[in-house]
Each structure stands twice: as C-alpha cells, then as structure tokens.
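Before any comments, here is the structure.
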Protein chains: 2
Amino acid sequence: MVEQRSLEVREQQLDAVFGALADPTRRAIVRRLASGDATVGELAEPFAMSFQAVSKHLRVLELAGLVERSRRAQQRPCKLRIEPLVAAGGWLGDYRELWESSFDRLDVHLTKKKGSAHA
Amino acid sequence: MVEQRSLEVREQQLDAVFGALADPTRRAIVRRLASGDATVGELAEPFAMSFQAVSKHLRVLELAGLVERSRRAQQRPCKLRIEPLVAAGGWLGDYRELWESSFDRLDVHLTKKKGSAHA
DNA sequence: TCGTTGCTCAACCATTAGGTTGAATAATAA
DNA sequence: TTATTATTCAACCTAATGGTTGAGCAACGA
C-alpha cells in the first residue's frame, strides 16, 4: 500500500528519480541491475571511466531510492529498487489517457515499442 | 512516417526528456499544458520567478521535444507534445515486467497493477 | 602481520543549470 | 510615428554535475 506522503516530498522524489534517469550511464546501470545484483566493480567494468565515477553515479541512484547497497566482505553488492520507477511511471501515466484519447495515431509508436523491446 | 533512429539519438532523447522532467517547475508546466495550450505569460503567472526564467524552462522543454511554440500576434502559444512522454514511459515500461513479477510475491499489488495493465 | 582487494572520501576542475536583471525585438494599439 | 505588450537575448552569478586523481579504510588471504 502506498501511504500518504506530502506533495512536496513526492515532488522531490520525482526530481531525484527523473534526474537520476537523465544520465545514460545511470540508465545503463539500472538496465544492468534489472538482470541481477552486482558489485560496484562489476558495474564499473563496462564503462570507460574510473570506478570512482561509477561509484558517484551509484550514490545518485541510491539517493533517488533506485539502488540499495549492502555489504558482503569487501564488496558492496547493489540491488535495484523499483518503487521509484513505479512512481515515475505513475506520473507519466497521468498523461496516458491524454495521449491515448487525443492522439490515436500514436498507437503506431506503442506498437513499434512492442517489436523493439529494448532501449 | 517515423523512420529508424540510432540508439545514440534515442539515448540523447531520453537524456533530454528525463532531464526536462527532473524539475518541479517544468513538470508543473507540462501538467498545465496537458489541460490546454497557453502563452508564456500565462504559464509564468503562477510561479514566483521571472517570466524570463519560465521562458528558459520552456526552451528546455522545447529542446526535449515536449513543447512546441508557435506565433500568434506578439504571443508564443505553447503546446504540449506527448511523443517524448511516450518514449520515457516506454523506457520505464521495459521494467514493468520486472516489477510486476517482483510484486507477484506480495500478490496484493499484483491485483492493483492488473487493473491498469496496458501495453 | 602485511599486502591486496574493493570501495569510499576528499579535493579539484570544467561545464551546465537555474536564477537574476537589463536591453532588444516584434506585433499591435493609439 | 510612438507607445505598449509579449517575449527573447545577453550577461552575469551561484550552485550543482560529472569527471579526474590520490589518499584512506575495512575485510580478506598469505
């Protein structure tokens, strides 16, 4: 159940979540974590940047509530939390009716999306 | 017709759209425009900031493809374009399956989700 | 104990973002 | 023409962002 939160807090969460998703590296991290937990090192490996930079991105994701970091030995396994994604999707969903009703031709896009299920 | 776009361009569009939505003023503008077109002055009126600042926000929204500005007399009526919202929603939608299956374990949420399920 | 691994913290740098004010522009009204 | 209205442009400021490198720290393996 989603309990009541102040509008302000919810707005701040949306700031954080949309802001976190506004970076391609962070979206790639989210994508990666969607297929399973990973350590910072594992997450950093594919990127042409220092792991410190990736660690910073993880902190942004963590502040947005999208990532949870625990401890196991020297490692900090990261786990994706989807609730903020739901919140963001919910905000966008408020406009779904608008675009579905007044822009029927956009059904084309939705259909295309189904075909190319990867971003 | 919408032709094929490179992944890179799509990534940049997502950068722009999520970035545009990461600001509460801009989300409020989107919300306002969802209920109908408006001029810059009308859009600026509710905010405690200069209309130049609002004009800047509109430019960000415009660069993200979310707003289209035309001319009518001295005014620049703004119109919401929803296609980028669809793109953002589509990206989030790629994870819907993930979060639906994870809510599955709590099966309370699954029932809620199914009510609004849509491709 | 000592060295290595995995990561964070701190300082720094360049760029961008969000705001301000003041001037410029373009269309309308007088 | 001149004035007014609606908006943008330009310059500026401050703070935040995204990256770097180097040091520090905690946990493990030898």
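Quick notes on this one:
- Average Cα contact separation per residue, the range A:7-89, under 8 Å, 6 or more apart, as relative contact order %: 34
- Shielding value for B:6-18 is 3, the average number of Cβ atoms from other chains within 10 Å of each residue's Cβ.
- Nonlocal amide H pairs with B:ARG81, under 5 Å, H built at 1.01 Å: B:VAL67, B:GLU68
- Distances between copies at A:ARG96, taken between label points 7 Å from Cα along the C-beta direction, are 0.5 nm in increasing order.
- With R₀ set to 22 Å, the beta-carbon distance separating B:GLN74 from B:ALA34 gives a calculated FRET efficiency near 0.35.
- With the label put 7 angstrom out from Cα along the Cα-to-Cβ vector, B:LYS56 ends up 2.2 nm from the copy partners, going from closest to farthest.
- At 7 Å out from Cα toward Cβ: B:GLU8 inter-copy label distances (nm, ascending): 4.4
- Prolate/oblate/rounded call for the range A:7-89, Cα gyration tensor, a/c under 1.5 rounded: prolate
We did not get these values from a lab; they are worked out from the coordinates using the rules stated. Keep in mind it's a predicted model, so treat the numbers as computed, not measured. Don't worry about glycine lacking a Cβ; one is built from the backbone with ideal geometry, like all the others, and counts go over all protein chains shown.
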